[in-house]
Amino acid sequence: MAGDKGSRRFVRDWWVLVAFMLGAALGALAGSAIGVYLTLWVVIGVGVPLLAVSVMFAHLEERRRMTAAAPQRRTPRKATESSVPSSKVSLKGKPTGTRGQLRAIGGKKTDDPPSTGSSGS
C-alpha cells in the first residue's frame, strides 16, 4: 500500500493541509504583532512566490511521471543500420551476396524450362 497512488496522494494532501493550518496560525500571529497591512505585504512578497515555485515543481514532476510511464510499443521498431549485419567479404576481397544472387551468378537453375512440344524424331 505504500507504493500506490492513493497513499501518495493522501500524504501529499496531508502536508498541504498542515501547511495551510500553520500558515493561518502564523498569519493571525503576524497580523496581531506587526499589523494587517504589513502582514499582507509579507504574504504577497514571500508566500506567492513560494506557492508558484511549488506548483511549478509539482507540474514538472507530474509531466515526468507521465512520460516515464508511457506505454510500450506493440510493434517492434524497424532495424537500424547498426543492427543489420553487414555482408561478408570473401577471401578475394569481393562482397558475397545473398543465396539468390549466388544462384544467379553461378548459373545454377532450380527448374528445367518447359519443353516446347515437338521432339526431333
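Coordinate-derived values only; no laboratory data. Treat the numbers as computed from the prediction; the structure is a model and nothing was measured. Don't worry about glycine lacking a Cβ; one is built from the backbone with ideal geometry, like all the others, and counts go over all protein chains shown.
Things to note:
- Site pair Ala28 and Arg64 shows an inter-label distance of 3.7 nm when each label is modelled 7 Å from Cα along Cα→Cβ.
- Efficiency of FRET from Cβ geometry, Phe20 and Val42, R₀ 22 Å, rounded to 0.05: 0.85
- For Leu50 and Ser7, the FRET efficiency from 1/(1 + (r/R0)^6), where r spans their Cβ atoms and R0 equals 35 Å, is about 0.85.
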